[in-house]
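Asker: Pasting a structure here, questions to come.
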Amino acid sequence: MKTVNIGLLVGIAVVAMVGLSIFAFWGNAAGATLYSSFASAKKTGENVHVVGTWVMKDRANYDNSQDLFTFYMQDTTDEVSLVKFYDPMPGNFKSADRIVVEGKYEANAFVADNILMKCPSKYNKEASFETAAAQ
């Protein structure tokens, strides 16, 4: 029977765990995007998330020839920016309370890779409770 060197096995295990931890951290850091404002997105040019609301007075427009949906959005710091999204308008866009756009600032507009809508209060427990209590 062969004798197993415990110190060598522990050393290999520690190196493997450190290596896996570094890869996990590196993968999360590379794929993570930050929540930001339009002003900060302009300065950095990085891929970010911006939370805001659709400015109703500035109508949304879809250009079929370019497959381009454009609208104006006001972020949480009250800055308004043109948003370009190279896809049709999402189905529940007009009924959304809040909008989250993911992308980066290019030239004079925020170019969104993805648009997420925060649904109206029917999905909010407190609002549903208040509505039920009022009836």
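The values are calculated or read from the model by the stated rules, or taken from the named source; none is laboratory data. None of these values were measured; they are calculated from a predicted model. Positions of Cβ are generated from backbone atoms using ideal geometry, with glycine treated the same way; all protein chains shown enter the neighbour counts. With ligands, DNA and RNA removed, areas are computed over all heavy atoms of the protein, side chains included. Shrake-Rupley method; radii C 1.70, N 1.55, O 1.52, S 1.80 Å.
Asker: With respect to Ser21, determine if the residue is open to solvent by less than 40 Å² (accessible area, probe 1.4 Å), at pLDDT below 90 and farther than 18 Å from Met89 by Cβ. Spell out how you get there, then give the answer.
Answerer: Working: open to solvent by less than 40 Å² (accessible area, probe 1.4 Å): no; at pLDDT below 90: yes; farther than 18 Å from Met89 by Cβ: yes.
No; evaluated as a whole, the condition is false for this residue.
Asker: Could you check how many residues of the range 97-119 are in a loop (DSSP other than H, G, I, E, B) and open to solvent by 80 Å² or more (accessible area, probe 1.4 Å)?
Answerer: The number of residues fulfilling the criteria is 3.
Asker: Moving to a separate point now. Return the residues of the range 44-96 that are under 18 Å from the mean Cα position of the chain (by Cα), of a type in the set (D, E, K, R) and open to solvent by 50 Å² or more (accessible area, probe 1.4 Å); say none if nothing qualifies.
Answerer: Listed by number, the residues that qualify are Glu46, Lys84, Asp87.
Asker: At pLDDT 90 or above and in contact with a helix residue (DSSP H, G or I) (Cβ under 6 Å, 6 or more places away or on another chain): which single residue out of Val111, Val48, Val101 fits that description?
Answerer: So the residue among Val111, Val48, Val101 that is at pLDDT 90 or above and in contact with a helix residue (DSSP H, G or I) (Cβ under 6 Å, 6 or more places away or on another chain) is Val48.
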